[in-house]
Amino acid sequence: MSLPKHVRLVEVGPRDGLQNEAQPISVADKVRLVNDLTEAGLAYIEVGSFVSPKWVPQMAGSAEVFAGIQQRPGVTYAALAPNLRGFEDALAAGVKEVAVFAAASEAFSQRNINCSISESLKRFEPIMDAARSHGMRVRGYVSCVLGCPYEGKVSAEQVAPVARALHDMGCYEVSLGDTIGTGTAGDTRRLFEVVSAQVPREQLAGHFHDTYGQALANVYASLLEGISVFDSSVAGLGGCPYAKGATGNIASEDVVYLLQGLGIETGIDLGLLIAAGQRISGVLGRDNGSRVARACSAQ
């Protein structure tokens with residue numbers, strides 16, 4: 001299969017990237033990050049999450065962030081809304097697209113959201129109904145698609161029915177997430193081969209963590225399978241509070257560098273993206289997690 005000519009990146013740094021940070025992050029810094037990412041040419045930015053601040057303190061103030069950002073026409077500014085209350089709060093904040101998430105691992109689902117996979121999918125039905133009535137698109141996530149911190153290796157056959165359920169209930173796109181970063185290129189190719197028998201490849205996306213240093217290899221393996229949408233996080237921000245030792249998402253800068261080298265269009269200005277990552281890394285007082293950003297900044 002030939003490589004895609006264009007790839008869309010779903011920038012999850014402001015949500016998935018920041019939600020696991022220990023220190024408080026101001027609304028102003030979050031707004032600046034989203035605006036920087038918009039300037040860099042990201043066409044899809046996951047801005048925040050409408051969940052209880054008791055569970056995810058860093059996502060408090062998501063409505064204020066949406067109110068403060070400069071929204072550019074043609075750019076999607078999305079939010080995670082795991083339940084109907086979250087959806088209603090997102091709607092009130094003017095959000096135009098939301099995401100829901102399920103797990104491919106029963107143990108992870110129980111530890112993460114205290115219910116079974118089937119129960120979690122049932123919870124999404126009122127969200128999907130409400131989204132349809134408001135003409136809002138919903139994106140789906142499946143976590144632990146290649147490995148689980150509690151169950152170990154996860155088979156593609158476990159993932160396919162969950163992805164199919166999200167697709168069937170109305171998710172226009174389903175992102176498959178290697179939450180603990182244990183997947184390899186061979187596993188990744190087989191994952192998309194199996195899942196694409198249930199959900200069309202053009203409606204699938206890849207979401208890779210770099211715990212074992214395999215994320216870029218997994219992106220390339222996905223490209224070979226005809227996948228053209230990838231979630232990534234500026235400066236490699238993020239992790240998973242429920243997956244011990246899981247490092248950040250794949251860095252957006254590193255993905256863009258890979259894609260540019262393959263002659264694949266993204267519409268993203270790598271220099272501005274690096275600057276955005278450097279700025280938020282400075283705010284957080286941490287090293288930039290992108291190897292490309294570190295190398296370019298050292299020149």
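The values are calculated or read from the model by the stated rules, or taken from the named source; none is laboratory data. Here the structure is a predicted model, which is why all the values come from computation and not from measurement. Methodologically, a virtual Cβ is constructed for each residue, glycine included, from the backbone with ideal geometry; neighbour enumeration extends over all protein chains shown. Only protein heavy atoms, including side chains, enter the accessible area calculation; ligands, DNA and RNA are left aside. Shrake-Rupley method; radii C 1.70, N 1.55, O 1.52, S 1.80 Å.
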Whenever you get a sec, line up Asp210, Asp178, Asp129 from highest to lowest accessible area (probe 1.4 Å, protein heavy atoms). Asp129, Asp210, Asp178
Average projection area in nm² (convex hull over Cα atoms of the chain, one quarter of hull surface): 13.7 nm²
Solvent-accessible area per residue, Å², over the chain with all protein chains present [probe radius 1.4 Å]: 41 Å²
So how long is each side of region 19-66 along the principal axes, counting just the alpha-carbon atoms, biggest first, in Å? 33, 18, 18
For Glu151 and Asp168, compute 0.36 nm times the residue count separating them, minus their Cα-Cα distance, and round to one decimal in nm. 3.5 nm
Contact order relative to length of the chain, as percent, for alpha carbon pairs under 8 angstrom and 6 or more apart: 21 percent
With a Förster distance of 30 angstrom and the Cβ-Cβ distance between Ala298 and Ala185, calculated FRET efficiency to the nearest 0.05 equals 0.55
Going 7 Å from the Cα of Cys115 in the Cα-to-Cβ direction, what parts of region 47-61 have a backbone nitrogen less than 20 Å from that spot? 49-56
Cα-Cα longer than 28 Å, checked against Lys5/Lys122; Lys30/Lys153; Lys30/Lys54; Lys96/Lys153; Lys54/Lys96; Lys54/Lys122, kept in input order, equals Lys5/Lys122; Lys30/Lys153; Lys96/Lys153
Surrounding net charge for Gly226, when Lys and Arg each add one and Asp and Glu each subtract one, Cβ distance under 13 Å: 0
